[in-house]
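Enquirer: Take a look at the following structure, please.
The values are calculated or read from the model by the stated rules, or taken from the named source; none is laboratory data. This is a predicted model, so every value here is computed, not measured. Here the Cβ positions follow ideal geometry from the backbone for every residue, glycine too, while neighbour counts run over all protein chains shown.
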Amino acid sequence: MARVGPAVTPGNLPGAQRVLAAVVSGPGGRIVEPGAHADHAGAHHRAARPGGQPRTWRWAAVAVAGASVVGYAGHIVLAAGEPAAVATHRYLWIWLITGVLTMALILMGIWVHRPRRAWPWLLTAATVGLFTSWPARALGTGVPSADFTAFVVAGCALLLGASGVAMVYARGHPFTLASALDSAVIGIGYLGLQLHSRTLPAFAQYGDLDAWLYGIVTPIGMAISLVSVAHLQFHRPAHSRSFRYLLVGYLFAAAPITVSGLGVVSEPILVLALSTVPFVLLLGAAAVDPSMVDLTEPGRCPTDEFGGGWRFVVMVAATALPCIGALILPPDSAPQAWVVAAIQVMVIVLVVLRSRLAVRWWATATDSMSRLAVTDPLTSLANRRGLHEAVASLEHPRCAVLSCDLDGFSRVNTADGHRVGDLILRTAADRLRRVVPPAAFVGRLGGDEFAVVLPGPLSALLIAQAAEQIRVALAEPLATGTRTVAMTVSIGTVTSRHAEPPGLEGFTELLREAGLALRAAKDQGGNRVVRYSADLDLRAVRESAVQDGLGDSRCLDLHYQAIVDMNTRTVIGAEALLRLKTPALGSVPPSEFIPIAVRTGQIIGVGQWVLHRALDDLRSARDALPTDFLLSINVSARQLDSGDLVGDLQRAVGDDRWLAEALRLEITESEIAGPGAIDGLNRLVDAGFHVVIDDFGTQYASLQYLTNLPVETIKLDLSFVARIVESRADRLVVQHVIALGNDLGLTMVAEGVERQDQADLLMELGCPSAQGYLYDRPAPGLRRLGTIGSTAQDPTPS
């Protein structure tokens, strides 16, 4: 038989002892030692448990939580019909076992997840351990003394607060003024409620030790824990699952102390009993969840946000706590009323300060966003919108706009990386600020394009001088750390021509005109200044029509020019030559539309059209052509850089391997010096295609390419062939190139052969093949080339 002790009531126990001792009492408020006879009725309870994947340690956590919940629920059901001593004894064992297993869960969570900062969780485990010491003492020696109970309550509050502060410190979240005010409102509101409901009564009724531990230390510890959680919530949202478990656990710890002190319910013991197991289990659930690592990792923050609505609710609740305390005070509690009033004033002052800070922050944020809307973040210059607003403020009707673009910037940015590219752009911005007049506006329009607006009436000479100063300043060498970069700039200028300030629409038009002048400067080789003129508009209209034609396959056509063996005057191949004819412009020469196609990127689509059309023509004319007929098509460096040229060729050829053997891909010598061009040629050769170098001899020191390029054929540029008979120097160059090519096993083809004496001299020098008006004029269709005999056509070009 269990030993029966004397029954006592909550009023018989002094100080903090009533808090923890209450959990073993029945609904009548009687507190008994284990074995005492008293009725006890429980209440239903739902404990949080850690969820997750079915791993061994998680199943252990689920088992602990499940066993605790089942045991506690069974205890509540059984307690209704059995003596209080038996129910009390069982509940103490449930409390003890749950606490011990929860400590094991926390330590297991630390061991499994290995957070870099484990001490906040160790403090949490210590809190559970101290909390569990009360039922251990009660089961061993009976109801603990008042001093021991007060020590346990105060110690748990302090350890809980210390673990919260440790998490704040571990996450690297310093208290800003805003978060400090938010947290202070909550802390003072909670302390205000505790001051008159617990602290003052404790000092009036109990001894010094109980009063200090239970009336001062406990509220302060709980306030610190709530402030820490609020700081984590407000300063940088930490809405992980582990944090939610921890937050609810802290609330379970604070609620019974608050409710029991207020005396607003007739049975505070029921609240205390219901909070014990959930408090312990929630701390364990927080520790075993994988997101527990985030709570102690600096800078790691889940994406969930604690919105302004929740912040508002929490702040209102904290502000209302002292008011609630004032409402429940007895009529004769004048000293406490003054204390509550003072605390309420403090809370109101803090809320006002926080509101003022929020208004100031909003004004600063609005101003910052306004600046960002008109400022380029990289260079701190005005962006396009900023320039528009600056020009809109001009009072004088005249101004000049200079559009500046760095030559070759994309090449440097690709080769040296974005770090060097950004350095160049920032340096260019600094140099522009340095050289432009004080009244000028400078902005970055995007990429490597800048704009300068010079207000006021300015002569053409002054504008030209300003542009030249900019050109010289931006051309200064720049040390990037690994090498020195020498940049040049192209500039287009335009002057407003209206009697009114330009305004938004007028400035947009000025930018367009300056851009046309800039394009003209680029087309002339760059590193120069071009002034806008009306003919640039006509040129822009013509270029637009050319671009429209390039995008319409009905405007495209292929002509073919024969390549012949000069010794036998028989056709051995042909070159496909693209032609463009638009309804608006008629026939457009290749020297005009090819550069436009390359600059706009349309050359890629046009090149695909040429490839498929030429191969279709070759398939249909195969029976009329020699068996070893070769067809050359031109390929640009833009197509090589596109990365899918090999795939396009393979899809176009399909299973017809004879097409791949008959196809020759021509790339001009000027384009093989570009970055990645040789790699692109190697990819073509590796895929089984044949490469020809076109216009050979037009580049400086071009002979060096002969030993490095994966080519089979070289076509001599027509500029050498045209003067080969008259110019001894050209003849010597051609002679050495042919000799070197033959020694390297390369096939030599001469372009632009128009006279028989040129052909005779080329054959004498060892060049066997040629194309030109002497043998054939470009014309549609491949089948006609099979009928060309030994008699050359009229050599006079049309």
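Enquirer: Are any residues in the stretch 366-410 at pLDDT below 90, acidic (Asp, Glu) and over 27 Å from the mean Cα position of the chain (by Cα), and if so, which ones?
Expert: Of everything in the stretch 366-410, those that are at pLDDT below 90, acidic (Asp, Glu) and over 27 Å from the mean Cα position of the chain (by Cα) turn out to be Glu389, Glu395.
Enquirer: Sticking with this one: Residues to consider are Leu618, Leu611; find the one that is over 19 Å from Gln547 (Cα atoms) and more than 45 Å from the chain's Cα centre (by Cα).
Expert: Answer to the selection: Leu618.
Enquirer: Moving on to the next point. Show the residue pairs meeting these rules: Cβ distance below 9 Å; 6+ apart or different chains; first residue within the stretch 567-581 and in the same structural domain as Ile594 (by TED's automatic domain parsing) and closer than 16 Å to Thr747 by Cα; second residue surrounded by 23 or more Cβ atoms within 10 Å (Cβ to Cβ) and polar (S, T, N, Q).
Expert: Cβ pairs passing all conditions: Gly573/Ser632; Gly573/Gln771; Ala574/Ser632; Ala574/Gln771; Glu575/Ser632; Glu575/Gln771.
Enquirer: I would also like to ask the following. If we keep just the residues of the stretch 752-781 that are among the acidic types (Asp, Glu) and free of Cβ contacts under 8 Å to residues at least 40 places away in the same chain, which is surrounded by the most Cβ atoms within 10 Å (Cβ to Cβ)?
Expert: Among residues in the stretch 752-781 that are among the acidic types (Asp, Glu) and free of Cβ contacts under 8 Å to residues at least 40 places away in the same chain, the one surrounded by the most Cβ atoms within 10 Å (Cβ to Cβ) is Asp760.
Enquirer: For the condition assigned by TED's automatic domain parsing to the domain that holds Leu226, touching a residue at least 60 places away in the same chain (Cβ under 8 Å), assigned to a helix (DSSP H, G or I) and more than 17 Å from Leu213 (Cα to Cα), what is the one hit in Val168, Val143, Val152?
Expert: Exactly one residue qualifies, and that residue is Val168.
Each row is one residue, and each column tells you yes or no for (1) surrounded by 20 or more Cβ atoms within 10 Å (Cβ to Cβ); (2) of a type outside the set (Asp, Glu); (3) out of contact with any Leu (no Cβ under 9 Å at 6 or more places or on another chain).
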residue	(1), (2), (3)
Ala576	yes, yes, no
Ser587	no, yes, no
Pro590	no, yes, no
Ile594	no, yes, no
Leu611	yes, yes, no
Arg619	no, yes, no
Ala637	yes, yes, yes
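Enquirer: While we're looking at this one, here's another question. Given Ala467, Ala520, which one is small (Gly, Ala, Ser), buried (at least 21 other Cβ atoms within 10 Å of the Cβ) and in the same structural domain as Glu395 (by TED's automatic domain parsing)?
Expert: Ala467
Enquirer: Quick check: anything in the stretch 490-509 among the charged types (D, E, K, R) and closer than 30 Å to Ser591 by Cβ?
Expert: The answer is no, given that none of the residues of the stretch 490-509 is among the charged types (D, E, K, R) and closer than 30 Å to Ser591 by Cβ.
Enquirer: Is it true that Leu774 is modelled with pLDDT of 90 or more and in contact with a helix residue (DSSP H, G or I) (Cβ under 8 Å, 6 or more places away or on another chain)?
Expert: yes
Enquirer: Here are the criteria: (1) within 23 Å of Glu395 (Cα to Cα); (2) without any contact (Cβ under 8 Å) to a residue 24 or more places away in the chain. Tell me which single one Gly456 does not satisfy.
Expert: Going through (1) within 23 Å of Glu395 (Cα to Cα); (2) without any contact (Cβ under 8 Å) to a residue 24 or more places away in the chain one by one, Gly456 breaks only (2).
Enquirer: Looking at Arg664, Arg657, which is the one that is surrounded by 15 or more Cβ atoms within 10 Å (Cβ to Cβ) and within 29 Å of Arg622 (Cβ to Cβ)?
Expert: Criteria check complete, one pass: Arg664.
Enquirer: Give me the residue from the stretch 422-447 that is more than 21 Å from Ala464 (Cα to Cα) and free of Cβ contacts under 8 Å to residues at least 60 places away in the same chain and, out of that set, surrounded by the most Cβ atoms within 10 Å (Cβ to Cβ).
Expert: Leu425
Enquirer: Restricting to strands (runs of 3 or more DSSP E) lying wholly in the stretch 646-758: which have 1 or more residues that are of a type in the set (Val, Ile, Thr) and at pLDDT 90 or above?
Expert: 690-696, 713-716, 747-750
Enquirer: Outside any strand (DSSP E or B), in contact with a strand residue (DSSP E or B) (Cβ under 7 Å, 6 or more places away or on another chain) and among the hydrophobic types (A, V, I, L, M, F, W, C): which single residue out of Ala451, Ala466, Ala473 fits that description?
Expert: Among Ala451, Ala466, Ala473, only Ala466 is outside any strand (DSSP E or B), in contact with a strand residue (DSSP E or B) (Cβ under 7 Å, 6 or more places away or on another chain) and among the hydrophobic types (A, V, I, L, M, F, W, C).
Enquirer: Checking Val412 against (1) free of Cβ contacts under 8 Å to residues at least 24 places away in the same chain; (2) in the same structural domain as Arg497 (by TED's automatic domain parsing): exactly one of these is not met. Which one?
Expert: It is condition (1) that Val412 fails.
Enquirer: If you don't mind, there's one more thing I want to ask. Can you tell me which residue among Leu740, Leu732, Leu681 is within 25 Å of Phe629 (Cα to Cα) and not β-branched (Val, Ile, Thr)?
Expert: Leu681
Enquirer: Is there a residue in the stretch 157-166 that is surrounded by 18 or more Cβ atoms within 10 Å (Cβ to Cβ) and farther than 22 Å from Ile216 by Cα?
Expert: Looking for residues that are surrounded by 18 or more Cβ atoms within 10 Å (Cβ to Cβ) and farther than 22 Å from Ile216 by Cα, one finds none in the stretch 157-166, hence no.
Enquirer: Now for a different question. Within the stretch 480-494, is even one residue among the small types (Gly, Ala, Ser) and in a helix (DSSP H, G or I)?
Expert: no
Enquirer: Leu536 passes all but one of (1) within 35 Å of the chain's Cα centre (by Cα); (2) crowded, with 17+ Cβ neighbours inside 10 Å; which number fails?
Expert: Result: Leu536 passes all but (1).
Enquirer: Could you check, for the stretch 743-750, whether at least one of its residues is acidic (Asp, Glu), out of contact with any Lys or Arg (no Cβ under 9 Å at 6 or more places or on another chain) and free of Cβ contacts under 8 Å to residues at least 12 places away in the same chain?
Expert: Yes: one or more hits.
Yes or no, residue by residue, for (1) out of contact with any His (no Cβ under 6 Å at 6 or more places or on another chain); (2) of a type outside the set (Phe, Trp, Tyr); (3) over 29 Å from Thr414 (Cα atoms):
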{"position": "Gly446", "(1), (2), (3)": "yes, yes, no"}
{"position": "Ile463", "(1), (2), (3)": "yes, yes, yes"}
{"position": "Ile470", "(1), (2), (3)": "yes, yes, no"}
{"position": "Val489", "(1), (2), (3)": "yes, yes, no"}
{"position": "Leu518", "(1), (2), (3)": "yes, yes, no"}
{"position": "Lys522", "(1), (2), (3)": "yes, yes, no"}
{"position": "Asn527", "(1), (2), (3)": "yes, yes, no"}
{"position": "Tyr532", "(1), (2), (3)": "yes, no, yes"}
{"position": "Val541", "(1), (2), (3)": "yes, yes, yes"}
